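Structure record follows, encoded as structure tokens.
Bear in mind that the values in this text are calculations on the coordinates, not laboratory data. Only a predicted model underlies this, so the values are computations on that prediction, with no experimental measurement involved.
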């Protein structure tokens, strides 16, 4: 390697290191903070946005071997130990081109978001039960494919308040392998 190539490689490495340092400083300075409300024990409805919600999903179409893009999905809170969260708490989303849902939209305008609900739990080991419903019948029908499933529902339990680094919290990711006649799921990472 000649001297000019070494100098260019050193300069490129320096630029990459500087850029990574800037990203790291930005990420460390923008961690979300929540302020608890005294009357309901729920945090402010306007916390700093997260890059992804504490619960996400990913759907792959096993018939075509491709991501299940544009699939309507509903996330519903089934039970919670917190008295501040009522029943019928629902969120909606549509999978992106990669078949993923990274954030949820509350079904009603005055509802709290998923991170706020989890943050309001009374203890770091509190459990909540959730359901993910995938509207697969109409989705397959729109593609001219007959489906045995009108919808696929996956129920699961989340333990913790959804705060990264808090007492063993791990992100809850629910991948689904979906075909017109079968499906399977597991706890992802």
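Considering only region 55-185, what is the antiparallel percent among its DSSP beta bridges, to the nearest 5? Antiparallel bridges make up about 80 percent of those DSSP assigns within region 55-185. For the pair region 91-141 and region 167-187, the centres of their Cα atoms are 13 angstrom apart.
If each residue of separation counts as 0.36 nm, what is the full-extension length gain between residue 153 and residue 125 once their alpha-carbon separation is subtracted? Mind dumping the intermediate values first?
Details: separation 28, 0.36 × 28 = 10.08 nm, distance 2.50 nm.
Stretched out fully, the residue 153 to residue 125 stretch lengthens by 7.6 nm.
Can you tell me what the convex hull of the Cα atoms of region 99-142 projects to on average, as an area in nm²? The number I arrive at for region 99-142 is 4.7 nm². Is the C-alpha gyration tensor of region 58-189 telling us rounded, prolate or oblate? Criteria: a/c under 1.5 is rounded; beyond that, a/b larger than b/c is prolate, otherwise oblate. Prolate, because a/c is 1.5 or more and a/b exceeds b/c.
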